[in-house]
1. Most exposed first by the Cβ proxy, i.e. fewest other Cβ within 10 Å, how do HIS58, HIS224 rank?
2. Rounded to whole Hz and in sequence order, give me ³J(HN,Hα) for region 111-123 from the Karplus expression 6.51 cos²θ - 1.76 cosθ + 1.60, θ = phi - 60°, writing x for Gly and Pro.
3. ALA246's amide H: which non-local residues (gap 5+, or another chain) put their own amide H closer than 5 Å, with H modeled 1.01 Å from N in plane and none for Pro or chain starts?
4. Arrange the following residues from fewest to most other Cβ atoms within 10 Å of their Cβ: PHE176, PHE106.
5. Calculate, for ASN162 and LYS212, the FRET efficiency according to 1/(1 + (r/R0)^6) with r their C-beta to C-beta distance and R0 35 Å; round to the nearest 0.05.
6. Explain nothing, just compute: Karplus ³J(HN,Hα) = 6.51 cos²θ - 1.76 cosθ + 1.60, θ = phi - 60°, for every residue of region 210-220 in order, whole Hz, x for Gly and Pro.
7. Output the peptides 118-127, 227-236 sorted from most to least packed, where packing is the average of other Cβ atoms within 10 Å over each peptide's residues.
8. To make sure I understand the rule: partners must be lysines, Cα under 24 Å from the Cα of LYS158, and not fewer than 8 residues away in the same chain. Which ones qualify?
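Each value in this text was obtained by applying a stated rule to the coordinates, not by laboratory testing. None of these values were measured; they are calculated from a predicted model. Heads up, the Cβs are rebuilt from the backbone with ideal geometry, glycines too, and the neighbour counts pull from every protein chain shown.
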Amino acid sequence: MNPTRLLYNHDINIIKSMFFVVNQKVLDIQDIVEELNKNILSDITNIIAGYYTIIDLHAIPENERSYDICLAAVNQNGNYLYYVPKKMKSHEICRAAVNQRGYALFAVPEKMKSNELCLTAVNYSGVCLQFVPPEMRNKEICLASVNDAGCTLQFVPKDMRNKVEICLAAVNNDGFALQYVPKEIISKDICLAALNKTGSSLKYISEEMKSKEICLAAVNKVGHALKYVPEEMKSKEICLAAVNNAVYGLKSYTKVIKNKEICLALANKTACTLKYVPKEIISKEICLAVVNKKGEALEYVPEEMKSKEICLAAVNQKKEALKYVPEEMKKELCGEEL
C-alpha cells in the first residue's frame, strides 16, 4: 500500500480540490467527505496522522488555512508556524511547532512563550536562546543553551553571565565562547578549559594571563595558535610544540623558524616549501625532508645544494619538479629509473 499523501497545489483553483492518493487512486475532497460521511476539516489531522505528508502552508491562501490544516502543517515542519494566521496561534499549535522544530520559537507570540516552551526550544538547539524573552532567560534555560552551543553565552543576561558555572559550561562546549566571558571572572581554569576545546581561543586571553602553561596548552591543541603567543614567550619548547601540531605550512611559522631543529620538525610535519626558510639554516637534511613531501619545493633549494640525491627525490615525488633540476643534471637523471 502506497503512503497516503495530502498535497496542496500552488494553483488556487486546484487548492480547492485537495486530494489524497490512496492505493494509487485519486479522490477529490468531496469524495472523501462522502466516503467518510464526516466533516472533512475535523478529520484531516486524524487521516494524515502517521502518514507521509507534504503541506505547503505558505502557498495556501490565508483565508483557507483552517486550524486543522495549520496544526497538521506545524506537526510536519515547525517553521510553518510563521505562516499560521495570528488568530490561530493557540498554545496547542505553538507547542506542536516548537516540539517539531525548536527554531519555531521565533514565531511564537511573546505572551505564549512559557518556561517549558522555551526550554524545549533551547534543548532542540542552543541558538534558540536568542528567541527567549530576556526576562525568561533563567539559569536552567541558559545552561541548556550554552551546553549545546557555547557561543550563545552572548545572549545570556549580564547578571547570569557572571556565574562561573555557566561560563565554564560555555567554553567547554566552544572555546571561542571565551570572548563573551566577563573579564572579572576569567580565570586560569576557564582559559585552560577554552584552550582544551579550541586552541585559537588564545586570541581572547589577555597578555597578562598568557603564561607558559596557557601558551603551551594552546599550541598543543593547534599549532597556528602560535601567532597569538607573545614574542618574548616563543621559546624553543613552545615553538616545537606548535610545529608538532602544525596544520599549515611554513608560511604560518616564518617568525619562529630560527634554528634547524624547528625547521626540520616542521618540514617533516607538513608538505611545505623552502621559500620561507632563512638561507642560513637550510641544510641537506631539511631540503630532503621538504622535497620528499613536495617535489616542486626543489624550486627553492639553493643551486649549490641541488645534489643528485635531492633532485632525484624531488622528481620521484613529483615529475613536474624536473624543470627545477639543473640542466647538466637532467640527462643524468633521465637515465635513472624514476
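1. Neighbour counts put them in this order, fewest first: HIS58, HIS224.
2. With coefficients 6.51, -1.76 and 1.60, one gets 5, 9, 7, 8, 4, 4, 5, 5, 5, 4, 5, 6, 6 Hz.
3. Long-range HN contacts for ALA246: GLY223.
4. Ascending Cβ contact count within 10 Å gives the list PHE106, PHE176.
5. The formula returns an efficiency of 0.75 here.
6. Once rounded to whole Hz, the list reads 7, 7, 4, 4, 5, 5, 5, 4, 5, 6, 6.
7. 118-127, 227-236
8. LYS111, LYS113, LYS139, LYS183, LYS188, LYS197, LYS203
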